[in-house]
Amino acid sequence: MLKKLTILMLVVAMLGTFAGCKKAAPVEEMVLKYNVGAEPQYFDPRKATGIPEFTMLLNLFDGLMRYDNQGQIVPSVAESYTVSTDGLVWTFKLKDTKWSNGEPLTAQDFEYAWKTALSPEIASEYSYQLYYIKNGEKYNSGELTNADEVGVKALDDKTLEVTLEAPTPYFTSLLSFTTYLPINKKLDQSNPDWAKSADNYVSNGPFKLTLWDHNHTIEMVKNTNYWDKDKVKLTKIIFTMVEENTTEMLMFENGEIDWGPNPPPAELDRLKAEGKVTINPYLGTYYYLFNVTKKPFDDVRVRKALLFAIDKESIVKNITKSGELPATAYVPLGVPDATPGSDFRKVGGDLFKVYDPDEAKKLLAEAGYPDGKGFPTFVLLYNTNERHKTIAEAIQRMWKETLGINCTLTNQEWKVYLDNRNKLNYDVARAGWIGDYTDPMTFIDMWVTGGGNNDTGWGNTQYDEYVRIAKSTGDQAARMDAMHKAETILMAEMPIGPIYFYTRPELIKPYIKGYYTSALGYTDFKDAYIEKH
Amino acid sequence: MINEKELFEPVKTEEIEAKEYIRPSIGYWADAWRRLKKNKLALIGLYIIIVLIALAIFGPMVSVYEYDATNLNNVYAPISGSHWFGTDELGRDVFTRVLYGARISLAVGFVASFINLIIGVLYGGISGFMGGKVDNVMMRFVDILYGVPILLIVILLMVVLGPGLTNIFIALGIGYWVGMARIVRGQTLSLKEQEFTLAAKTLGASRTRILVRHIIPNAIGPIIVTATLLIPNAIFFEAFLSFIGLGVSAPVASWGVLASDGVRSFQSHPNLLFFPALFISITMLSFNFLGDGLRDALDPRQRK
Amino acid sequence: MRKFVIQRVIAMLITLFIIATITFFLAKAIPGGPFTKEKAVPDAVLKNLERKYHFDDPLWKQYADYIISLAKGDLGPSFRYDALTVNDIVRKGFPVSALLGFVAILISLGLGLPAGIISAYKQNFWQDNFVMFFSILGISIPNFILATLFMYIFGLKLHIFNIAGWGRWQDVILPAVTLAAYPTAYIARLMRSSMLDVLSQDYIKTARSKGLSEYRVMIIHALKNALIPVVTYLGPLIAAIFTGSFIVERLFFIPGLGRYYVTSIYDRDYTVILGTTVFYAAFLIIANFVVDIIYAFLDPRITYSTEKIK
């Protein structure tokens, strides 16, 4: 009897599961299927921190500024803006735009969004993106309790005044990011859980949210209330959450998805040969950290020897194989310099050779370990990942053959690894950094003495001073000069050893066009369309 | 008067050499070994295992290549005369790596079976045999071991102990024997009610003797099946532990790790998956034949 | 019997409590938390988060609060998924996993039992070796390799199934078969071994000499007793289905409960770790309990008292 009941129960449950499926309507649709790869942690723009969330949210929402599909930052919700001479006060005039539910969007929506994002109650992990705003950090830490002292104010329904802590030339690009997006104030005040499901979700961007099947799929359709809706050609985007990259690849090859952002590295050769791979820019550097508080890594000659003995060209050619560039300095290509159109890396040039085994041997000998004699066996730490393992194995071998030193490899589970890195509980560790915005500062300010992301124990007062200068002025020439000097110090002391500059190989069907892939990792489908095929 | 007795002469019959029809009594183990030797498949299994062990120990020494010698200009080379199994993502010879991996996988397999047999069988046997409250408590302890996520325990072990092969054995020792314990307990519960147990008790056998000499051999069937079938589990559990960072570190690799890595590129380079998986299957088949043979040999009911 | 049931229920609650306690402290003991990220969260923000989720309370208080809400049936919020509570996760995920597991168990029993019986009946003939060969494959090829092979062959090359996903009835098949491979092989081997044991018993000879048909001998007399080790395996079988489901659900992109079990540990999502652990543990314990009852049923001589052997 019990058995029969159980079977009946399970049959009912099974029917229930399938009842949730919707049948697609046979309309002239242009549907894109993109594998975003993970269930969003936060779908509230004030809190989101991950690239999958960025991709989805930037298609659902629209900020004061937006990158067009040529990569230029242009006013979006903002009609125009003026900046005070000292670079601190920005005044935005807004266009007449609406929310997806038809309500008009006002400057108060922006003010409310930014202030609540900074509030201790919301406890947003990404609130530090708003620290550029006057008193933003103080309000967030609880030092100030009056939100009115935060430097953003709606002068009227269509005018927003923003006061900054310091002149920030790249502020316009920041305004396109999720933390600076508007929130429907009325909605949030009446229903603080609106961002937890598709039922009450209201946004102002090219698409609006129609389905959120947790840990399975998210669907959005063209938002007919979007101010620029004539540019939007896709009728629907389906985001799947397939985590396993082999499955994603098979689904792509079988036509079940149109876009797979994470192809398995081991299959790249074949996929490239079959013309399935598009290599997109990715603003980031892959490097090794040296624990400068531990012998023998406290000796700069040892650090340099280790880095110069790595054949970086061979690694990008034979292991990663996605068009990455071997690193010759720390800040990657793709970050603008002072003169428009120039690139920070090109201006700064190469700060070391791609591969210099002779110099490496010489330095090691100078440090007291000729041919590696007497060099202690140390541990190279990385987090469990196919690519990091392969690179580490190759480098382990390179160090042995060129320098005669031995290291053992240890892989650790992700959070244990982060924790150990943080606590300086390692010898040499693998790391990587993707930029948060397109300015060299996103890379440079990591290594200030005692910085939260500085996992090396290194510090240099001159370096800190250059960083301070670059943060305090709006004069691009002065800023860039300071940052170049800082980078030079960093590479002269080498607490980190850059290995290559990232790229993003992705599986994209050839009939998808008009999209914008940001070097910061997300993709904008506002202007995307599907060609007849 | 005639003495009637004298009229009868006893028939002279030959003394029957009774001894010839009585089997010489040999011990349990000798009998088992004799039966095992007769089972051809089991012997094949045994020989293959011996060959594998030999390959594991001597193979990498004899091979031209080192298991960790990279050659970045020859990655993913196909099968050829100089690389019988091709090369991997770093240009290392796959054949040598498979042989080297045998050391780890066979060691893990043997240790896992051993732990299973000793801890699992004894625990389950005692639990089922004692019954009542003892059984209750022992089984609840098993439930707890089943319930707490092994991954948490393993991560903690990794943090506390660091990488290394012995730590795999510790991790195996903690959680691996519970399935076997349950099965043996179930068998014991049933067997202890049978007549031979009663008989042994009547004869005055001690409890230990009953358990070890009578009940467990009669449960040998499911024990062997379980023990053999849990070996690949152990091999892949070890691969899983390597993912977490407990156990052997790169570039040392067991078959489990080689196979897991091989899956990721199997469309482009099937040889990387095929060969480790093949060796695992061969090992399994051999253990299985051997196991079947052992079962037939050790089962007291099949004495011929 | 009633006393037995009540004792077991109490024991079960105590066991669950112990499991929850050990898991709680283990999870908090390992390094890293839900907010340990590569891009370091500034201290002010971290403090805000800790205050919001009561991570700054003393550990014993966090534990006590958790146990109390657990007793009330509230499994807490998820730290990794802002939009879901753990109750949501279990409620949505469990029916999916249950369906998948149920189909897998059906396949394992439906294929494994007959395979084992036939194998024993035709010992050492080709049928036996055939079954043996496939069961070896089923055991030695782990489910993630099987899954990829199935996806490749039946999805990409033959276009019979979708590679992955969940929503149509066909989507159950590949994952269920993948999940069922190991248990089917195990059950087949166990059944075979057990049948062979039983078939060599005297009462089988008696039945045959009485002239009963093979069918009656095998099915009515032999099977019932041969099932005991297989029934014992049901407990570990369900456990194996669970563990297998963690990988299969991830690979086949199935929104079940299994996916959360492992990823929650990587995410240090404490409430989800505890929620899934307690849930699965309860399920397993009940399953084992049911198995114990079925035993006593199958073999009337089994009792759970200590009286017989002293």
State whether the residues of the stretch B:131-141 include one that is hydrophobic (A, V, I, L, M, F, W, C), away from chain C (no Cβ under 14 Å) and not in a loop (DSSP other than H, G, I, E, B). no
So which residues in the stretch B:237-256 are within 10 Å of chain A (Cβ to nearest Cβ), assigned to a helix (DSSP H, G or I) and buried (at least 23 other Cβ atoms within 10 Å of the Cβ), if there are any at all? B:Ser242
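B:Asn116: farther than 21 Å from B:Gly173 by Cα, touching a helix residue (DSSP H, G or I) at 6+ places or on another chain (Cβ under 8 Å) and of a type outside the set (A, V, I, L, M, F, W, C), yes or no? So that I can check it myself, show each step before the final result.
Numbers: farther than 21 Å from B:Gly173 by Cα: no; touching a helix residue (DSSP H, G or I) at 6+ places or on another chain (Cβ under 8 Å): yes; of a type outside the set (A, V, I, L, M, F, W, C): yes.
Here the answer is no, as B:Asn116 does not meet what is asked.
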Name every residue in the stretch A:397-444 that is within 9 Å of another protein chain (Cβ to nearest Cβ), touching an Asp or Glu at 6+ places or on another chain (Cβ under 8 Å) and among the polar types (S, T, N, Q), in order of residue number. A:Asn422
Going by the conditions given, is A:Lys389 under 36 Å from the mean Cα position of the chain (by Cα), under 22 Å from B:Asn73 (Cα atoms), at pLDDT 90 or above and surrounded by fewer than 16 Cβ atoms within 10 Å (Cβ to Cβ)? no
Residue under question is A:Lys304, and the condition is that it be surrounded by 20 or more Cβ atoms within 10 Å (Cβ to Cβ), more than 14 Å from chain B (Cβ to nearest Cβ) and of a type in the set (D, E, K, R); does it hold? yes
Restricting the first residue to the stretch C:101-116 and requiring it to be under 11 Å from C:Thr184 (Cβ atoms), which pairs with a second residue that is at pLDDT below 90 and surrounded by fewer than 19 Cβ atoms within 10 Å (Cβ to Cβ) meet a Cβ separation below 6 Å and a spacing of at least six or different chains? none
Is it the case that some residue within the stretch A:82-95 is over 26 Å from the mean Cα position of the chain (by Cα) and either part of a helix (DSSP H, G or I) or small (Gly, Ala, Ser) (or both)? yes
Among B:Val121, B:Val94, B:Val51, which is the only one that is touching an Asp or Glu at 6+ places or on another chain (Cβ under 6 Å) and among the β-branched types (Val, Ile, Thr)? B:Val94
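When you go through A:Tyr463, A:Tyr437 one by one, which is the residue that is modelled with pLDDT of 95 or more and touching a Leu at 6+ places or on another chain (Cβ under 8 Å)?
Working: A:Tyr437 fails: modelled with pLDDT of 95 or more.
So the residue among A:Tyr463, A:Tyr437 that is modelled with pLDDT of 95 or more and touching a Leu at 6+ places or on another chain (Cβ under 8 Å) is A:Tyr463.
Being assigned to a loop (DSSP other than H, G, I, E, B), in contact (Cβ under 8 Å) with a residue 60 or more places away in the chain and under 18 Å from A:Val292 (Cβ atoms), is that true of even one residue in the stretch A:411-424? Let's see the steps before the verdict.
Within the stretch A:411-424, the first condition is being assigned to a loop (DSSP other than H, G, I, E, B), and the residues that meet it are A:413, A:423-424.
Next, only the ones that are in contact (Cβ under 8 Å) with a residue 60 or more places away in the chain stay: A:424.
Now narrow it down to the ones that are under 18 Å from A:Val292 (Cβ atoms): A:424.
Checking the stretch A:411-424: at least one residue is assigned to a loop (DSSP other than H, G, I, E, B), in contact (Cβ under 8 Å) with a residue 60 or more places away in the chain and under 18 Å from A:Val292 (Cβ atoms).
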All but one of (1) surrounded by fewer than 24 Cβ atoms within 10 Å (Cβ to Cβ); (2) over 30 Å from B:Ala56 (Cα atoms); (3) at the interface with another protein chain (Cβ under 10 Å from one of its Cβ atoms); (4) of a type outside the set (D, E, K, R) hold for B:Val212; which doesn't? (3)
In the stretch A:118-219, which strands (runs of 3 or more DSSP E) lie fully inside it and hold 1 or more residues that are at pLDDT 95 or above and closer than 30 Å to A:Ile469 by Cβ? A:152-156, A:159-163
Inter-residue pairs, beta-carbon under 8 Å, first within 20 Å of A:Tyr67 (Cα to Cα) and touching a residue at least 40 places away in the same chain (Cβ under 8 Å) and in the stretch A:491-517, second of a type in the set (Gly, Ala, Ser) and surrounded by fewer than 19 Cβ atoms within 10 Å (Cβ to Cβ), 6+ apart: A:Thr503/A:Gly323; A:Tyr516/A:Gly71
Condition first: part of a helix (DSSP H, G or I), under 14 Å from B:Ile118 (Cα atoms), within 13 Å of another protein chain (Cβ to nearest Cβ) and not small (Gly, Ala, Ser). Now tell me which residues in the stretch B:165-182 satisfy that. B:Ile174, B:Val178, B:Met180, B:Arg182
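Taking the conditions exactly as written (touching a strand residue (DSSP E or B) at 6+ places or on another chain (Cβ under 8 Å), more than 10 Å from every other protein chain (Cβ to nearest Cβ) and modelled with pLDDT of 90 or more), does C:Val90 satisfy them or not?
On the way: touching a strand residue (DSSP E or B) at 6+ places or on another chain (Cβ under 8 Å): no; more than 10 Å from every other protein chain (Cβ to nearest Cβ): yes; modelled with pLDDT of 90 or more: yes.
Answer is no for this residue.
Just name the residue that is farthest from A:Leu209 (Cα to Cα) out of those in the stretch A:221-265 that are of a type in the set (S, T, N, Q) and assigned to a helix (DSSP H, G or I). Steps first, please.
Step one: of the stretch A:221-265, the residues of a type in the set (S, T, N, Q) are A:223-225, A:235, A:240, A:245-247, A:254, A:262.
Then keep just the ones that are assigned to a helix (DSSP H, G or I); that gives A:245-247.
Details: A:Asn245: 26, A:Thr246: 28, A:Thr247: 26 Å.
Among those that are of a type in the set (S, T, N, Q) and assigned to a helix (DSSP H, G or I), it is A:Thr246.
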Can you spot a residue in the stretch A:249-264 that is of a type in the set (D, E, K, R) and surrounded by fewer than 17 Cβ atoms within 10 Å (Cβ to Cβ)? no
Select from the stretch C:253-288 the residues that are farther than 19 Å from A:Thr217 by Cβ and not in a helix (DSSP H, G or I) and write down the one among them that is farthest from the other protein chains (Cβ to nearest Cβ). C:Asp269
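Take the residues in the stretch C:230-252 that are of a type in the set (S, T, N, Q) and at the interface with another protein chain (Cβ under 10 Å from one of its Cβ atoms); name whichever of them is nearest to B:Ile183 (Cα to Cα).
Our first condition is that a residue be of a type in the set (S, T, N, Q); within the stretch C:230-252, this holds for C:232, C:243, C:245.
Next, from what is left, pick out any that are at the interface with another protein chain (Cβ under 10 Å from one of its Cβ atoms): C:232, C:243.
Working: C:Thr232: 6, C:Thr243: 19 Å.
Top of the filtered list is C:Thr232.
Among residues belonging to the stretch A:442-473 that are hydrophobic (A, V, I, L, M, F, W, C) and in a helix (DSSP H, G or I), point out the one that is surrounded by the fewest Cβ atoms within 10 Å (Cβ to Cβ).
Within the stretch A:442-473, the subset hydrophobic (A, V, I, L, M, F, W, C) is A:443-444, A:446-448, A:458, A:467, A:469-470.
From what is left, the residues that are in a helix (DSSP H, G or I) are A:443-444, A:446-447, A:467, A:469-470.
Details: A:Phe443: 24, A:Ile444: 24, A:Met446: 20, A:Trp447: 25, A:Val467: 21, A:Ile469: 17, A:Ala470: 24.
The extreme case among them is A:Ile469.
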Quick one: count up the residues across the stretch C:155-210 that are among the hydroxyl-bearing types (Ser, Thr, Tyr) and surrounded by fewer than 24 Cβ atoms within 10 Å (Cβ to Cβ). 4
Filter the stretch C:18-35 down to the residues that are assigned to a helix (DSSP H, G or I) and free of Cβ contacts under 8 Å to residues at least 24 places away in the same chain, then identify the one that is surrounded by the fewest Cβ atoms within 10 Å (Cβ to Cβ). C:Ala29
Which residues, counting only those in the stretch B:106-130, are facing another protein chain (nearest Cβ under 9 Å) and either free of Cβ contacts under 8 Å to residues at least 40 places away in the same chain or in contact with a His (Cβ under 6 Å, 6 or more places away or on another chain) (or both)? B:Met130
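Any chance the stretch B:273-280 includes a residue that's touching a Pro at 6+ places or on another chain (Cβ under 8 Å), closer than 30 Å to B:Ile53 by Cα and surrounded by fewer than 23 Cβ atoms within 10 Å (Cβ to Cβ)? Let's see the steps before the verdict.
Narrowing the stretch B:273-280 to residues touching a Pro at 6+ places or on another chain (Cβ under 8 Å): B:280.
Add one more test, that the residue is closer than 30 Å to B:Ile53 by Cα, and what stays is B:280.
Now narrow it down to the ones that are surrounded by fewer than 23 Cβ atoms within 10 Å (Cβ to Cβ): none.
No: the stretch B:273-280 contains no residue that is touching a Pro at 6+ places or on another chain (Cβ under 8 Å), closer than 30 Å to B:Ile53 by Cα and surrounded by fewer than 23 Cβ atoms within 10 Å (Cβ to Cβ).
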If a residue counts only when it is surrounded by 10 or more Cβ atoms within 10 Å (Cβ to Cβ) and modelled with pLDDT under 75, which helices (runs of 4 or more DSSP H) contained entirely in the stretch B:5-115 have at least 1 such residues? B:28-38
Modelled with pLDDT of 95 or more and within 23 Å of the chain's Cα centre (by Cα), is that true of A:Ala519? no
For B:Phe274, state whether it is free of Cβ contacts under 8 Å to residues at least 24 places away in the same chain and away from chain A (no Cβ under 14 Å). yes
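The values are calculated or read from the model by the stated rules, or taken from the named source; none is laboratory data. The shown structure was predicted, so the numbers you read here are calculated from the model rather than taken from an experiment. When we count neighbours, we look across all protein chains shown, and the Cβ atoms used for this are built from the backbone with ideal geometry, even at glycine.
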